[in-house]
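To start, the structure itself, in structure tokens.
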Amino acid sequence: MAALPVLLAMSAGAAATTATNAAPAAPMKTCFLYSNPIGESGWTYQHEQARKAIATSMAGKVTTKYVENVAEGPDAERVIRNFVQEGCKLIFTPSFGFMEPTIKVARQAPKVIFMNGTGYRTAPNVGAYNARYYEGRYLEGVLAGHLSKKGLAGYVSAFPIPEVLQGLNAFTLGMRSVNPNAQVKLIWVNAWYDPGKERAAANTLLTLGVDLLTYDTSSVAVVTAGEEKGVPTVGYYSDMSRFGPKTNLTSVVQTWTGFYTKTIEDVLAGRWKAAHTVGGLREGMIKMAPLNASVPADVREKFAAAEKDITEGRLHPFAGPILDQSGKQRVAAGQVLGAAELDKMNFLVNGIDGTPPK
């Protein structure tokens, strides 16, 4: 009987040793699906910059993997399923066209967390995220309104989905807030990334007499076309000044590192909840690249004032009155287009010369 306390003590010591020597939790495998090549700028490039930052700052907590240039549809579903089979516990799918494949796979993988970028559908293990890109596009329109001598801008656009229409309409409204007679000539290229089509569209717009170019596609083609022809551009996704050092006036820059870091931290801490998160200038999910040295001081002041007003909530790009191409009132005076209406936007505002969405 006297030996029993000794045995118990030895067992307790062994248990303590086992607990002390227990292997740390394995890093969480976090995977990213990209619709375009990473390239040197653009939508995918900005997400990849965030992934690389996370891989460095959260080393030991997460490991990351990505697959680029995956078509929206069956190919995306296949890659997402592969991610699950490979042990990915958090999967980011930043493309509107990845929304349905993400939801479909998520139903069959309830222990995996999915985050779909620019979509709007959520589920118990699926969150959605987006940014108020239109805030930056409005500011670019303000800049264009001040600097376009003809009041005629050209816009190369990808697809008539709500997110794209928000940016296109906001740019036009910003331009017309300075010059009420300004016009925006629009060409759809029906592609997110097709440098040949984008360049051809930019050149066509130049033949139509525009004196400023912008776009929402993912290559550098429009900016480089503007640089070659000496025509000002305003950029999107990334800071495009290195591709148009003389002619690129500014860009709407998407910044995802902070959001991705917080999402991962929430998952690791067990506090993640499915939600639809949308941020803008105030939250730092977008920012404006520095203005080109050619922008006059008085225009800089007006641009900065508009940026401050949007950031602090005094100016909303979609405050009424707003008319569509046909002259129909879409937003009454004193009203502001709400988030739910923005998510379903299906019209072009007055001042755009181009084919409306069907």
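The values are calculated or read from the model by the stated rules, or taken from the named source; none is laboratory data. Values in this document were obtained by computation on a predicted structure and should not be read as measured data. Virtual Cβ from ideal backbone geometry, glycine too; neighbours counted across all protein chains shown.
Assorted remarks:
- Qualifying residues in region 33-48 (those that are closer than 13 Å to residue 256 by Cα and hydroxyl-bearing (Ser, Thr, Tyr)) - the one surrounded by the fewest Cβ atoms within 10 Å (Cβ to Cβ): 45
- The sole residue among 163, 227 that is in a helix (DSSP H, G or I) and at pLDDT below 95 is 163.
- Residue match in region 97-116 (condition: farther than 24 Å from residue 194 by Cα, acidic (Asp, Glu), surrounded by fewer than 19 Cβ atoms within 10 Å (Cβ to Cβ) and not assigned by TED's automatic domain parsing to the domain that holds residue 218): no
- Qualifying residue in region 240-262 (condition: charged (D, E, K, R) and crowded, with 17+ Cβ neighbours inside 10 Å): no
- Checking each residue in region 177-217 for being closer than 15 Å to residue 142 by Cα, free of Cβ contacts under 8 Å to residues at least 40 places away in the same chain and out of contact with any helix residue (DSSP H, G or I) (no Cβ under 7 Å at 6 or more places or on another chain) picks out 180, 181.
Yes/no per residue for (1) surrounded by 15 or more Cβ atoms within 10 Å (Cβ to Cβ); (2) in contact (Cβ under 8 Å) with a residue 40 or more places away in the chain; (3) of a type outside the set (Val, Ile, Thr); (4) in a loop (DSSP other than H, G, I, E, B):
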position: 295; (1), (2), (3), (4): yes, yes, no, yes
position: 305; (1), (2), (3), (4): no, no, yes, no
position: 323; (1), (2), (3), (4): yes, no, yes, no
position: 333; (1), (2), (3), (4): no, no, yes, yes
position: 340; (1), (2), (3), (4): no, no, yes, no
position: 346; (1), (2), (3), (4): no, yes, yes, yes
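Okay, residues lined up against (1) under 22 Å from residue 277 (Cα atoms); (2) more than 20 Å from the chain's Cα centre (by Cα); (3) charged (D, E, K, R):
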| position | (1), (2), (3) |
| --- | --- |
| 41 | no, no, no |
| 49 | yes, no, no |
| 53 | yes, no, no |
| 76 | no, no, no |
| 81 | no, yes, yes |
| 84 | no, yes, no |
| 89 | yes, yes, yes |
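- Count of residues meeting criterion [in contact with a helix residue (DSSP H, G or I) (Cβ under 8 Å, 6 or more places away or on another chain) and acidic (Asp, Glu)] in region 97-150: 2
- Residue in region 238-256 that is among the hydroxyl-bearing types (Ser, Thr, Tyr) and in a helix (DSSP H, G or I) present: no
- Screening 337, 348, 268 for residues that are in contact with a strand residue (DSSP E or B) (Cβ under 7 Å, 6 or more places away or on another chain), at pLDDT 95 or above and under 29 Å from residue 41 (Cβ atoms) leaves exactly one candidate, 348.
- Test: residue 111 is over 18 Å from residue 288 (Cβ atoms), touching a residue at least 40 places away in the same chain (Cβ under 8 Å), outside any helix (DSSP H, G or I) and over 23 Å from the mean Cα position of the chain (by Cα): no
- Given (1) charged (D, E, K, R); (2) out of contact with any strand residue (DSSP E or B) (no Cβ under 8 Å at 6 or more places or on another chain); (3) modelled with pLDDT of 95 or more, number of the condition residue 330 does not satisfy: (2)
- Residue in region 188-198 that is more than 24 Å from residue 354 (Cα to Cα) and modelled with pLDDT of 95 or more present: no
- Residues that are of a type in the set (Lys, Arg) and under 23 Å from residue 256 (Cβ atoms) within region 206-246 comprise just one, 242.
- The set of residues from region 263-286 being more than 26 Å from residue 340 (Cβ to Cβ) and surrounded by fewer than 21 Cβ atoms within 10 Å (Cβ to Cβ) comprises 265, 267, 268, 269, 270, 271.
- Top-ranked residue in region 179-218 [being assigned to a strand (DSSP E or B) and surrounded by 24 or more Cβ atoms within 10 Å (Cβ to Cβ); ranked as farthest from the chain's Cα centre (by Cα)]: 184
- Picking from residues in region 72-94 that are of a type in the set (D, E, K, R) and in a loop (DSSP other than H, G, I, E, B), the one that is farthest from residue 31 (Cα to Cα) is 72.
- When 69, 116 are screened for being in contact with a Phe, Trp or Tyr (Cβ under 8 Å, 6 or more places away or on another chain), in a loop (DSSP other than H, G, I, E, B) and of a type outside the set (Val, Ile, Thr), only 69 passes.
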